[in-house]
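Following: one structure in structure tokens, then a few remarks.
The values are calculated or read from the model by the stated rules, or taken from the named source; none is laboratory data. All values reported here derive from a predicted model rather than from experimental measurement. No Cβ is skipped: glycine too gets one built from the backbone with ideal geometry, and neighbour counts run over all protein chains shown.
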Amino acid sequence: MAARRFSSVEMQRLLEALELLHVRVQEPFEQRVFLASSLLFADVFHGFEVFGLRDGSHTIASDMPWPSSRRPELMQRAAEVVPREHPIFPMLRTGWAEPARLSDLLSRQRLERTSLYQDIFAPAHTRYQLALPFVSGEYVGGLTINRGGKDFSDRELDLARVFSGHVLAAYRTHQIVAAATTTAEAMARVDYTGLRARGLTKRECEVISWVREGKHNDEIAVILAISRRTVETHLASVFRKLGVDCRAAPSRCCSSRSRVRPDGERDRARAAHLHQEGRGGWGESGERSPPGEDALRALSPDTPRTVPDTLAPPPFSRNPRASRRYAP
């Protein structure tokens with residue numbers, strides 16, 4: 001299908017919607033999604049549902065104009081009938097995630113015979129729906145845009161195709177930030193005096209702390225609201241200041257996407273390498289330290305400058321000197 005060209009007004013509204021969608025504010029995520037959608041589509045109400053595939057969890061938010069006295073009841077009812085009667089839901093399990101109008105999948109006569117229409121749509125005087133589904137390895141769900149006056153046009157469907165991918169990206173960002181909030185509060189109280197004494201900046205200390213938490217570069221970039229390239233630059237500076245030498249295991253130093261776990265396979269390999277060189281990995285009593293203990297000690301502010309290979313510099317740096325410094 002040929003791509004449509006949006007008018008200047010449509011482009012302006014789309015840019016405003018995406019800016020609102022991706023902004024980092026204290027408002028609930030669903031509220032931002034609904035506001036952003038309202039900039040693109042007129043006279044609409046929304047639902048946002050996520051179904052966990054592994055744990056069976058379910059979350060729902062909606063601004064549908066249901067009677068206030070029946071809202072809790074209808075929210076619960078929506079969670080029951082959507083998986084059973086919505087024509088898009090079975091398609092989600094196959095990985096299909098293309099925005100669609102409900103009228104393209106189900107005739108008006110068939111829709112009106114369903115509990116989805118009678119119990120959910122009718123109390124809100126809604127007839128038409130535009131569904132923006134998304135699929136992940138752990139959940140399925142999406143944003144539904146609803147109204148009662150007229151069906152959604154082809155042009156609005158094209159806008160939804162652009163908007164849909166950003167909804168998923170913003171939701172993933174929201175999840176990363178929400179999961180990191182508790183840890184971030186604890187990190188705010190961490191004393192970085194020892195690391196600062198070795199020349200690390202405050203931001204470098206924050207980055208290396210998130211590495212210890214098992215976050216990869218993309219996640220750290222989202223949490224700290226910086227680019228992935230900036231994260232890699234901070235890590236390269238940390239390796240230089242702490243005297244990391246990755247030449248002993250170059251193949252294990254080139255994956256910036258790998259999760260860094262203190263008890264991971266790469267830490268065990270590094271510990272074995274340090275033992276062969278006689279550079280650590282044994283406790284004071286002569287007994288072998290648990291796998292990964294070297295990695296934890298290396299990141300402690302009050303221990304000697306020994307850092308495991310898991311904390312590797314980026315494989316390719318834009319800085320020629322950095323590339324030469326970490327060449328095998």
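Are any of the residues in the stretch 189-208 modelled with pLDDT under 85, more than 30 Å from LEU18 (Cα to Cα) and in contact with a Pro (Cβ under 6 Å, 6 or more places away or on another chain)?
The answer is yes, given that some residue of the stretch 189-208 is modelled with pLDDT under 85, more than 30 Å from LEU18 (Cα to Cα) and in contact with a Pro (Cβ under 6 Å, 6 or more places away or on another chain).
List the residue pairs whose Cβ atoms are under 6 Å apart, where the first residue sits in the stretch 106-131 and is in contact (Cβ under 8 Å) with a residue 24 or more places away in the chain, the second is of a type outside the set (Asp, Glu) and assigned to a helix (DSSP H, G or I), and the two are 6 or more positions apart or on different chains.
Every condition considered, the pairs that remain are SER115/VAL81; LEU116/VAL81; ASP119/ARG77; ILE120/ALA78; GLN129/LEU102; LEU130/ALA160.
Tell me, which residue of the stretch 42-64 that is within 28 Å of GLU10 (Cβ to Cβ) and of a type in the set (A, V, I, L, M, F, W, C) is surrounded by the fewest Cβ atoms within 10 Å (Cβ to Cβ)?
ALA42
So is LEU168 closer than 26 Å to LEU15 by Cβ, in the same structural domain as SER38 (by TED's automatic domain parsing) and touching a helix residue (DSSP H, G or I) at 6+ places or on another chain (Cβ under 7 Å) or not?
Criteria not met by LEU168.
Might you let me know whether the stretch 97-117 holds any residue that is under 13 Å from GLY47 (Cβ atoms) and in contact with a His (Cβ under 9 Å, 6 or more places away or on another chain)?
yes
Taking the stretch 132-150 as the search range and keeping residues that are surrounded by fewer than 16 Cβ atoms within 10 Å (Cβ to Cβ) and at pLDDT 90 or above, which one is nearest to GLU213 (Cα to Cα)?
For the stretch 132-150, the residue satisfying everything is GLY148.
Just to be sure I understand, how many residues within the stretch 135-161 are of a type in the set (D, E, K, R) and closer than 13 Å to HIS46 by Cα?
Qualifying residue count for the region: 1.
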